[in-house]
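As structure tokens, the structure follows; a few thoughts come after it.
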Amino acid sequence: MSGPVSPSTGGSPFELARYQDPLMIQRVIHHAKTIAIVGLSRNELRASHFVGYYLRRHGYHVIPVNPRESEILGERSVKRLSEITVPVDVVNVFRAPDAVPAIAEEAAAIHAASMWCQFGVISEEGARTAEAGGLTVIMDRCIKVEHARYFGRMHWLGFNTQRITSIRGGLQ
């Protein structure tokens with residue numbers, strides 16, 4: 001499936017589907033323990049706040065990355081990824097696409113395992129930068145929705161998880 005034509009790759013299409021592979025998504029979610037959310041808002045009505053709250057309720061250590069806030073969801077907020085002192089499994093991005101390349105550089109510098117860009121956050125340059133830094137990249141997907149689809153209760157209701165299994169523990 002081809003995406004939009006990208007001038008940065010000489011006119012070849014940007015393959016967004018490459019960053020939306022169901023097995024890759026499941027592996028990232030299953031192996032993650034610590035998630036740094038760049039752009040996490042203190043405002044309870046914002047999607048980033050709801051996602052952070054959901055992830056905390058499901059046992060993930062959520063680290064807020066927001067230079068405008070000192071604390072979100074009971075955790076000290078850091079101004080940038082480089083201030084985080086623990087290993088980060090997922091850098092979850094709630095920022096405009098033009099901010100993604102710099103975030104990808106920071107994520108690679110802290111040796112994060114993956115970078116996850118939320119719905120509408122699509123950056124070819126950011127994806128290339130993150131991959132060059134050794135990160136797995138998920139793009140234009142919501143980590144909360146995907147968690148609910150594969151590991152939460154949505155799959156019990158019959159949503160298409162693209163898997164047939166009797167194992168409740170997910171991927172090992």
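The values are calculated or read from the model by the stated rules, or taken from the named source; none is laboratory data. Keep in mind the model is a prediction, meaning the values are calculated, not measured. Cβ atoms come from the backbone with ideal geometry, glycine included; neighbour counts cover every protein chain shown.
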Exercise. Among the residues of segment 120-172 satisfying the criterion of being surrounded by fewer than 12 Cβ atoms within 10 Å (Cβ to Cβ) and among the charged types (D, E, K, R), which is modelled with the highest pLDDT?
Worked result: Arg153
For this session: Say whether the condition of being outside any helix (DSSP H, G or I), surrounded by 20 or more Cβ atoms within 10 Å (Cβ to Cβ) and in contact with a Phe, Trp or Tyr (Cβ under 8 Å, 6 or more places away or on another chain) is met by at least one residue in segment 22-31.
Result: no
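Please go through segment 55-70 and give me each residue that is among the basic types (Lys, Arg) and either in a loop (DSSP other than H, G, I, E, B) or touching a helix residue (DSSP H, G or I) at 6+ places or on another chain (Cβ under 9 Å) (or both), ordered by number.
Selection gives Arg68 alone.
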For this session: Among what's in segment 8-21 and is closer than 11 Å to Glu124 by Cα and at pLDDT 50 or above, pick the residue that is surrounded by the fewest Cβ atoms within 10 Å (Cβ to Cβ).
Result: Pro13
For this session: Report whether or not Val5 is of a type outside the set (S, T, N, Q) and at pLDDT 95 or above.
Result: no
Problem set entry | Selection within segment 18-68 - of a type in the set (Ser, Thr, Tyr) and farther than 22 Å from Ala102 by Cβ | Tyr53, Tyr54, Tyr60
Seminar exercise, completed: All-but-one check, Ser123 against (1) without any contact (Cβ under 8 Å) to a residue 40 or more places away in the chain; (2) over 19 Å from Asp21 (Cβ atoms); (3) not basic (Lys, Arg), failing number (2)
Seminar exercise, completed: Checked Arg68, Arg76, Arg95, Arg141 against criteria (in contact with a Ser or Thr (Cβ under 8 Å, 6 or more places away or on another chain) and basic (Lys, Arg)); the one match is Arg76
Exercise. So which residues in segment 80-96 are surrounded by fewer than 17 Cβ atoms within 10 Å (Cβ to Cβ), within 18 Å of the chain's Cα centre (by Cα) and not polar (S, T, N, Q)?
Worked result: Arg80, Val86, Pro87, Ala96
Problem set entry | Only listed residue being touching a helix residue (DSSP H, G or I) at 6+ places or on another chain (Cβ under 6 Å) and modelled with pLDDT of 95 or more, chosen from Gly39, Gly52, Gly74 | Gly39
